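Okay, structure first, notes after.
The values are calculated or read from the model by the stated rules, or taken from the named source; none is laboratory data. All figures in this text were calculated on a predicted structure; none of them were measured in a lab. When we count neighbours, we look across all protein chains shown, and the Cβ atoms used for this are built from the backbone with ideal geometry, even at glycine. Side chains included, ligands, DNA and RNA excluded: accessible areas come from the protein's heavy atoms. Shrake-Rupley method; radii C 1.70, N 1.55, O 1.52, S 1.80 Å.
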Amino acid sequence: MTLPIALQLWSVKEDAAIDFFGTLEKVAQMGYDGVEFAGYYGKNASEIKSVLNKLGLKIAGAHVSADQIIHHIDKVIAFEKELGNKYVVCPWANFTSLEEWKEFAEHLQQSGKKLAESGLTLVYHNHAHELVVFENEYILDILLNSVPTNLLKAELDTYWLEFAGVDAVEYMSKHKGRTPLIHVKDMAPSKEESTEVGNGIMNIKGIVQQAKLNSAEWLIVEQEAFTKPQLESVEVGLNNLKMILAEA
């Protein structure tokens, strides 16, 4: 079993801001199977879809702000359906109290229900702060356990799990069947920044193997710190991940 590989476009946001469609073309030329959006740079859904079709790129998902998901869900649904995207990913939320997290979970459930009724799926993407423990449970687990599985999936960012001191492979195994999207991001030896996938210290092969066991649909390359041009780095990450995937 193999898995398609997408690029989280936040990784090349400076290039995308200058020439969005040109950047998509370069990503396709590298050999990526798809992309995950992090903004649309003023383009409408139909023109983006047309470019993707021309380039042969599929959509792994789209990061959409919590504000948009909670307060403008009908607009989100219309855009994402026209685009042809299935997974609407909440990329960030942070609160100071357990009560606020639980209230947020209620909002996600309401939006997740609307998305599901439209044939779309709501997903939550973690950072490290959701791995803080409240009442003997990670915030991320509280969030996931508060919303029915069919209304909220998890996009596990394996880098941030490890950054928080949580074994990524072990945590992934806890949520089999709920992780359609896996962020594959490697950790530099300093343990303070990311690096090209395959050039760091994380157990990428183990993550890929567990992603298969979890019935994940996409491996998504992401990188946030660079020592060389962004497009060059994400091509290195893709080629390394392809080799690891072939061995896993």
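The table for this structure:
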quantity: Given (1) in a loop (DSSP other than H, G, I, E, B); (2) at pLDDT 95 or above, number of the condition residue 143 does not satisfy; calculated: (1)
quantity: Matching residues, region 149-183, being under 21 Å from residue 196 (Cβ atoms) and either assigned to a strand (DSSP E or B) or open to solvent by 20 Å² or more (accessible area, probe 1.4 Å) (or both); calculated: 155, 156, 157, 160, 162, 163, 169, 181, 182, 183
quantity: Pairs with Cβ under 8 Å, 6+ apart, first in region 1-18 and over 13 Å from residue 35 (Cβ atoms), second open to solvent by 10 Å² or more (accessible area, probe 1.4 Å) and in a loop (DSSP other than H, G, I, E, B); calculated: 3/217; 17/41
quantity: Residue that is touching a residue at least 40 places away in the same chain (Cβ under 8 Å) and in contact with a His (Cβ under 6 Å, 6 or more places away or on another chain), where the choices are 162, 155; calculated: 155
quantity: Selection count where residues are open to solvent by 30 Å² or more (accessible area, probe 1.4 Å) and either part of a loop (DSSP other than H, G, I, E, B) or of a type in the set (Lys, Arg) (or both), scope region 73-89; calculated: 4
quantity: Test: residue 24 is in a helix (DSSP H, G or I), of a type in the set (A, V, I, L, M), within 20 Å of residue 88 (Cα to Cα) and modelled with pLDDT of 95 or more; calculated: yes
quantity: Condition met for residue 46 (over 18 Å from residue 223 (Cα atoms), touching a Cys at 6+ places or on another chain (Cβ under 9 Å) and surrounded by fewer than 16 Cβ atoms within 10 Å (Cβ to Cβ)); calculated: no
quantity: Residue 69 out of contact with any Asp or Glu (no Cβ under 8 Å at 6 or more places or on another chain), closer than 22 Å to residue 156 by Cβ and assigned to a helix (DSSP H, G or I); calculated: yes
quantity: In region 120-139, residue nearest to the chain's Cα centre (by Cα) [restricted to those that are part of a strand (DSSP E or B), at pLDDT 95 or above and of a type in the set (A, V, I, L, M, F, W, C)]; calculated: 123
quantity: Hits in region 123-174 - residues which are within 29 Å of residue 80 (Cβ to Cβ) and of a type in the set (Ser, Thr, Tyr); calculated: 124, 138, 146, 149, 158, 159, 171
quantity: Test: residue in region 164-175 that is touching a Ser or Thr at 6+ places or on another chain (Cβ under 8 Å) and basic (Lys, Arg); calculated: no
quantity: Some residue of region 90-110 being outside any strand (DSSP E or B) and among the β-branched types (Val, Ile, Thr); calculated: yes
quantity: Failed item, numbered, when residue 191 is tested on (1) open to solvent by 30 Å² or more (accessible area, probe 1.4 Å); (2) within 15 Å of the chain's Cα centre (by Cα); calculated: (2)
quantity: Qualifying residue in region 226-244 (condition: open to solvent by 10 Å² or more (accessible area, probe 1.4 Å), modelled with pLDDT of 95 or more and in contact with a strand residue (DSSP E or B) (Cβ under 6 Å, 6 or more places away or on another chain)); calculated: no
quantity: The one condition in (1) part of a helix (DSSP H, G or I); (2) open to solvent by 70 Å² or more (accessible area, probe 1.4 Å); (3) closer than 30 Å to residue 247 by Cβ that residue 12 fails to fulfil; calculated: (2)
quantity: Counted residues, region 132-148 - those being small (Gly, Ala, Ser) and under 26 Å from residue 194 (Cβ atoms); calculated: 0
quantity: Residue check for residue 121: hydroxyl-bearing (Ser, Thr, Tyr) and farther than 22 Å from residue 179 by Cβ; calculated: no
